[in-house]
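Notes for the one structure printed next.
The values are calculated or read from the model by the stated rules, or taken from the named source; none is laboratory data. Everything quoted here is computed from the prediction, not taken from an experiment. Ideal geometry is used to build each Cβ from the backbone, glycine not excepted, and the neighbour counts take in all protein chains shown.
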């Protein structure tokens, strides 16, 4: 069975480690970066199957990172989950307009994150974007 590649973009080191451990324990191949420019470089280099993306990042924010991933025909099929402390309706709408496939707020339940990842990586899933 193919191990799906997941890129985690999180500027809080403790959260990045926690998410990496969680996803590695579920069999995913995980890479982590801590800012927007590094996220775009990693997406271009490794073509992950899914990106878990914080919004408040150094360099380029998560909205812009998502927009660039979804705008580029070579990376647009990559699934994006925004995982953020930004809970208001405008931020959620902005995330979906940028092309996010899912929007999850912190603090989050591990089971819900895993469920969302599995749903997005299921063959035949159609993005709402």
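Structure notes:
- When each of 98, 85 is tested for being touching a helix residue (DSSP H, G or I) at 6+ places or on another chain (Cβ under 7 Å) and either crowded, with 16+ Cβ neighbours inside 10 Å or over 23 Å from residue 41 (Cβ atoms) (or both), the lone residue that passes is 98.
- Residue list for the range 19-35, filter: crowded, with 20+ Cβ neighbours inside 10 Å and in a loop (DSSP other than H, G, I, E, B): 28
- Tally, over the range 96-117, of residues that are over 14 Å from residue 15 (Cα atoms) and more than 13 Å from the chain's Cα centre (by Cα): 4
- Residues located in the range 110-126, provided they are modelled with pLDDT of 95 or more and closer than 12 Å to residue 79 by Cβ: 116, 117, 118, 119, 120, 121
- Unmet criterion (only one of (1) in contact with a helix residue (DSSP H, G or I) (Cβ under 9 Å, 6 or more places away or on another chain); (2) surrounded by 13 or more Cβ atoms within 10 Å (Cβ to Cβ); (3) under 23 Å from residue 96 (Cα atoms)) for residue 42: (1)
- One residue from 52, 69, 21, 104 being more than 21 Å from residue 125 (Cβ to Cβ) and modelled with pLDDT of 95 or more: 21
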